[in-house]
Each structure stands twice: as structure tokens, then as C-alpha cells.
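Visitor: Handing you this structure, nothing more for now.
The values are calculated or read from the model by the stated rules, or taken from the named source; none is laboratory data. In this text the structure is predicted, and so the values were computed from the model without any measurement. With ideal geometry, Cβ positions are generated from the backbone for all residues, glycine too; neighbour counts draw on all protein chains shown.
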Amino acid sequence: MTSAERSELIQIVRDLSYEEREVTLASGRKSNFYFDGKQTCLHRTGGLLVGKAFWEVVKSFDGPIDGVGGLTLGADPIATATSIAAALEGTPVHAFIIRKEPKGHGTGQWLEGRKNLPPGSRVVIVEDVTTTGDSSLKAVARAEEEGLKVVGIVTLVDRQEGAQENITGAGQILKAVFTREEVVGKSSNNRHID
């Protein structure tokens, strides 16, 4: 990924994914700003650049990486874009999706794309946004229950609200394409709304 592409991606994140408004986060906390990473990931140029950016970060982990994926729905377009970016460089990296509940019919599976990733496959969990890291750690636990070896987590935007510390404390590595500060500057510190 070139520096021009990185600059273009951060601008797309600012324009499409960042909003200043009261929201309730997945953690249950209230915030006065929000990142909707799906808006960037599903944009025609944003999706391409997300794949390139994530692949660049995924390559920084030691050893071969066999797959990328995470909890549906935020991880779905990221995993696919990253897999395609890897393929364009000649590296086979499969995408996978972790369901929030097991499939209600057929095999009842939790993980889609399972046939591409035999037990012991080395994978990276991907996320659109991290706040506390709880969703990422759920994805790690589910992937490990499925026999995969999680080598790290990559997020599009780290809100810088404890995810890094919680994930590191759980024995995992978190790498962010961007931090909140990089996207919107130091002056936009989160003010929690109680």
C-alpha cells in the first residue's frame, strides 16, 4: 500500500465511517462519536484499500498465515478483501466467517469457510472497529474452539478505549490500521455520556 493510498483510505474513513452523535456501543457504553467501519469497507474504493491495508498488516505477523476472518458482520467484507489482496500478491490466504450463533439447520456450524482451514491453520482475526476488545476476544475463543491457531488481531480503527490493553492482557496481539487519534486528531477525545 502506498502512502497516497493510505491517505485516501483515512479520508474515506473520516468521510464515511466517522460520526459525532450519541450512540450505544456494542460494549453497552454510550459515546458521543461512532465509527461505522462497514461504510468504508463496502465503498467501491474503500473496500479495495481496506484489503490492501489489512494485508500489509497481516503480513507483519510471524510465519505463514492461512486465513483471515472474524465475527459476522463487521469482519465479513474485510476478510474477503484481505484474502483477495493476498491472492493478488500470489499468497493463498482464505477468508472465514464466525457466526454469532451456530447455523440453525444443516451442519449447525459456527464457522463458514471451514473446509479451507484444517485444524492447526494459522489465522488472524479482523475487525472493523475495536473499543474494549471484547468482540475480538470472542472471535479468538470461537476460532480456537474450532481448532485454529490465532496469531493476532487486526482492526481498521482502534477507538483507543482499552482494546489494546485488554487484548494484550489476554495474551493476544492487536494491530490497528488506524487509531482514533490518527483519524480525527487528539482534540476529539471521547466524552462518555452517562
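Visitor: Going by what's in this entry, would Val124 be described as over 20 Å from His94 (Cα atoms), hydrophobic (A, V, I, L, M, F, W, C), part of a strand (DSSP E or B) and under 11 Å from the mean Cα position of the chain (by Cα)?
Guide: In short, no.
Visitor: Output the residues belonging to segment 69-86 that are closer than 11 Å to Gly51 by Cα and either in contact (Cβ under 8 Å) with a residue 60 or more places away in the chain or out of contact with any helix residue (DSSP H, G or I) (no Cβ under 9 Å at 6 or more places or on another chain) (or both).
Guide: Within segment 69-86, just Ile78 meets the criteria.
Visitor: Another question, if that's okay. Identify, by number, the condition in (1) modelled with pLDDT of 95 or more; (2) surrounded by 16 or more Cβ atoms within 10 Å (Cβ to Cβ) that Asp15 doesn't meet.
Guide: (2)
Visitor: I need the helices (runs of 4 or more DSSP H) fully contained in segment 3-84, keeping only those with at least 3 residues that are under 18 Å from Asp158 (Cβ atoms) and β-branched (Val, Ile, Thr). Outline the logic, then answer.
Guide: Details: elements: 3-12, 37-41, 44-58.
Where helices (runs of 4 or more DSSP H) fall fully within segment 3-84 and carry at least 3 residues being under 18 Å from Asp158 (Cβ atoms) and β-branched (Val, Ile, Thr), they are 44-58.
Visitor: Do any residues in segment 120-133 that are within 19 Å of Glu182 (Cα to Cα) have Cβ atoms under 6 Å from those of residues that are of a type in the set (A, V, I, L, M) and in a loop (DSSP other than H, G, I, E, B), where the two are at least six apart or on different chains, and which pairs are they?
Guide: Thr131/Leu25
Visitor: Before we move on, is Glu144 surrounded by fewer than 22 Cβ atoms within 10 Å (Cβ to Cβ) and either at pLDDT below 95 or within 29 Å of Tyr18 (Cα to Cα) (or both)?
Guide: no
Visitor: Let me ask you something else. Under the condition of being at pLDDT 95 or above and of a type outside the set (A, V, I, L, M, F, W, C), which residue from segment 73-88 is surrounded by the fewest Cβ atoms within 10 Å (Cβ to Cβ)?
Guide: Thr80
Visitor: Any residue at all in segment 89-112 that's in contact with a Lys or Arg (Cβ under 8 Å, 6 or more places away or on another chain), assigned to a loop (DSSP other than H, G, I, E, B), touching a residue at least 24 places away in the same chain (Cβ under 8 Å) and buried (at least 18 other Cβ atoms within 10 Å of the Cβ)?
Guide: No - not one qualifying residue is present in segment 89-112.
Visitor: Another one. Ser187 is checked against (1) within 23 Å of Ile65 (Cα to Cα); (2) part of a helix (DSSP H, G or I); (3) at pLDDT below 95; (4) of a type outside the set (D, E, K, R) and fails just one. What number does that condition carry?
Guide: Every condition holds for Ser187 apart from (1).
Visitor: Restricting attention to segment 43-72, which residues are crowded, with 16+ Cβ neighbours inside 10 Å and among the small types (Gly, Ala, Ser)?
Guide: Gly46, Gly47, Gly51, Ala53, Gly67, Gly69, Gly70, listed by residue number.
Visitor: Oh, and also: I'd like the residue in segment 175-184 that is outside any strand (DSSP E or B) and of a type in the set (Val, Ile, Thr) and, out of all such residues, is modelled with the lowest pLDDT.
Guide: It comes out as Val184.
Visitor: Kindly provide the set of residues from segment 129-174 that are part of a loop (DSSP other than H, G, I, E, B), farther than 20 Å from Ile65 by Cα and of a type outside the set (Gly, Ala, Ser), ordered by number.
Guide: Thr131, Thr132, Arg159, Gln160, Glu161
Visitor: While we're on this one: Does segment 124-132 contain any residue that is out of contact with any Asp or Glu (no Cβ under 9 Å at 6 or more places or on another chain) and either surrounded by fewer than 20 Cβ atoms within 10 Å (Cβ to Cβ) or at pLDDT below 95 (or both)?
Guide: No: segment 124-132 contains no residue that is out of contact with any Asp or Glu (no Cβ under 9 Å at 6 or more places or on another chain) and either surrounded by fewer than 20 Cβ atoms within 10 Å (Cβ to Cβ) or at pLDDT below 95 (or both).
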